[in-house]
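For reference, the structure is listed below as structure tokens.
The values are calculated or read from the model by the stated rules, or taken from the named source; none is laboratory data. These numbers come from a predicted model, not from an experiment. Don't worry about glycine lacking a Cβ; one is built from the backbone with ideal geometry, like all the others, and counts go over all protein chains shown. Remember, those area values only see protein heavy atoms, side chains included, never the ligands or the DNA or RNA. Shrake-Rupley method; radii C 1.70, N 1.55, O 1.52, S 1.80 Å.
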Amino acid sequence: MKIGIITGSTRDSRVNLQVAEWVKSIAEKRTDADFELVDIKDYNLPKFNEPITAIMIRDYQASEAKPWSDKIDSLDGFIFVLAEYNKGITSGLKDAIDYLYQEWNNKAAGIVSYGSTLGVSAANDLRLILSVPKVATVGTQVAMNLFTDFQDMSKFNPAPFHQKTVIKLLDEVIAWSTALKTIR
Ligand SMILES: Cc1cc2nc3c(=O)[nH]c(=O)nc-3n(C[C@H](O)[C@H](O)[C@H](O)COP(=O)(O)O)c2cc1C
């Protein structure tokens, strides 16, 4: 199993990468799957402007979409590290999802969110969005508080109990990724 830990924010001053690296440090202790940090910022995807939806055609005009397509295609499951902007996911992550279709199909995902209201609304937003490209989101969720799991809302310092939830989340994502591989 190859699981991608996908960042959910691209702004220069984001805290997202600290959270993604923490998830990766926990995941890397496992031997039942390989984990890779997939930073959407690295792909420099332009604002979505494809003439035809990926649901219809797997051929992209933006040259930046090809490496993004190859990366998502190569993965069996995902952990989305989710920032919440105005009760939803960030536009950068939304575009990154919208670019592709088949590459996401019949794979599993887990959500690690944070925010002043724990990123719960963004997580619910993401679950609905991912239902269209057929990504199954597991029930366990890591939901962290911008005021208590970060110092000064900028330095990530998670409460120790979150680690147990990450492990449970990974268990579920690996189990569902393994199951869904059989129908691809
Ligand atoms: C445009 C904007 C909207 C935001 N809206 C919400 C929100 O609706 N709910 C929430 O919990 N936090 C909200 N926040 C606070 C973010 O959770 C916080 O800024 C966090 O650091 C964002 O993640 P990032 O630093 O990785 O980009 C918002 C932040 C921004 C910049």
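Can you pull the Rg over Rh of the chain, Cα-only, Kirkwood?
0.95
Mind putting a number on the dipole of region 57-116 about its Cα centre? Charges go on the C-beta only, +1 for Lys and Arg and -1 for Asp and Glu, and I need it in Debye to the nearest 20.
Here region 57-116 has a charge dipole of around 160 debye.
Report the full-extension gain for the segment GLN163 to LYS47: residue separation times 0.36 nm, less the Cα-Cα distance, to one decimal in nm.
Here the segment from GLN163 to LYS47 would lengthen by 38.3 nm.
Show me, bin by bin at 10 Å from 0, the whole-percent P(r) of region 107-164 based on Cα pairs.
Bin by bin from 0 Å, the calculated values are 24, 45, 25, 6.
Calculate what fraction, in whole %, of the accessible area of the chain sits on carbon and sulfur atoms when a 1.4 Å probe is rolled over the protein chains.
C and S fraction of accessible area: 52 percent.
Determine, for each peptide in 144-156, 107-119, the mean count of other beta carbons within 10 angstrom over its residues, then list the peptides with the highest first.
Per-residue Cβ counts within 10 Å, averaged per peptide and sorted highest first, yield 107-119, 144-156.
So, in nm, how far is label ASP73 from label SER154 when the simple model puts each one 7 Å beyond its Cα toward the Cβ?
4.1
Would you mind working out the magnitude of the charge dipole of the chain relative to its Cα centre, with +1 at each Lys and Arg C-beta and -1 at each Asp and Glu C-beta, to the nearest 20 Debye?
Dipole magnitude for the chain comes out near 320 debye.
Given a Förster radius of 45 Å and the C-beta distance between ASP12 and THR182 as r, what FRET efficiency does 1/(1 + (r/R0)^6) yield to the nearest 0.05?
In this case the efficiency is close to 0.60.
Distance between the C-alpha centers of region 95-123 and region 57-77? Whole Å please.
Cα centroid of region 95-123 versus Cα centroid of region 57-77: 16 Å apart.
In Å², what does the accessible area per residue of region 1-148 work out to with a 1.4 Å probe?
Counting only protein heavy atoms, the per-residue value for region 1-148 is 44 Å².
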